[in-house]
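Q: Quick one: this structure, given as C-alpha cells, is what I'll be asking you about.
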C-alpha cells in the first residue's frame, strides 16, 4: 500500500496575491487553476517537486473555506494523501474509530478525482484529505 502526499492546501483571501509569492517570487510553476463550485472555491495548484501546493480562495462568504478563514485566518488548511482505494482506506479508518467528515467519497467534476476528509479531532488537529486518482 503506497501513500504519497498529493498536496498541501493553503487558504488565501486572493489567488493573484498568493501567486505573486508562490509563482512569481519563489519561482514555482503554476500547474493549473480551476473553479470548484461544489466547495465554493477557486483553486491554483503550484508544483512542488512531485507534489503540489493548492491555494484555495473562497468564492462564497458562507462556504466552509470562508468560515474557516474568518475564524483562523489565511494559512495552512489541510494535507492531502493519495490512496489506491478510497473506500478500503475509509473502512480501515472506521475500524480504527477515526472520525470521517464524509460518509462516502465525493468526485471532482473536473478530473474525476475521488476525495474525502478526515476530521481533525482524529488526527491531532490536522484536517486530512484522501485522494483517489482516476
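Q: Got a sec? How would 55, 130, 26 order by Cβ neighbour count within 10 Å, fewest to most?
A: Working: 55 28, 130 22, 26 12.
Ranking 55, 130, 26 by Cβ neighbours within 10 Å, fewest first, gives 26, 130, 55.
Q: Under the classification rounded if a/c is under 1.5, otherwise prolate if a/b is larger than b/c and oblate if not, where does the range 52-110 fall, given a ≥ b ≥ c as square roots of the Cα gyration tensor eigenvalues?
A: Values: a/c = 2.10, a/b = 1.81, b/c = 1.16.
Taking the square roots of the gyration eigenvalues as a ≥ b ≥ c, the range 52-110 is prolate.
Q: Right, here's the next one. Roughly speaking, what is the centre-to-centre gap between the range 13-37 and the range 113-134 when only Cα atoms are used, to the nearest Å?
A: Cα centroid to Cα centroid, the span is 23 Å.
Q: Continuing with the same structure: Taking R0 as 22 Å, what FRET efficiency do you get between residue 71 and residue 51 from their Cβ-Cβ distance, rounded to the nearest 0.05? Before the final figure, lay out the partial values.
A: Working: r = 27 Å, r/R0 = 1.21.
FRET efficiency, residue 71 to residue 51: 0.25.
Q: Let me ask you something else. Arranged by the count of other C-beta atoms within 10 angstrom, fewest first, what order do 81, 65 take?
A: Result, fewest neighbours first: 81, 65.
Q: Another question, if that's okay. To test your reading of the geometry: what angle, between 0 and 90 degrees and rounded to tens, separates the Cα axis of helix 86-95 from the longest principal axis of the chain?
A: The angle comes out near 60 degrees.
Q: Among bridges DSSP assigns within the chain, what percent are antiparallel (round to 5)?
A: 75 percent
Q: Kirkwood-based Rg over Rh for the range 4-132 (C-alpha set), two decimals?
A: 0.96
Q: Can you sort 96, 77, 119 by how many other beta carbons sit within 10 Å, fewest first?
A: 96, 119, 77
Q: For the chain, what is the calculated [θ] at 222 nm in deg cm²/dmol (nearest 500), taking -39500 (n - 2.57) for each run of four or more DSSP H residues and dividing by its residue count?
A: Per the formula, -5000 deg cm²/dmol.
Here, each number is a calculation from the coordinates, and none is a lab measurement. Nothing here was measured: the structure is a model prediction, and the numbers come from that model. Positions of Cβ are generated from backbone atoms using ideal geometry, with glycine treated the same way; all protein chains shown enter the neighbour counts.
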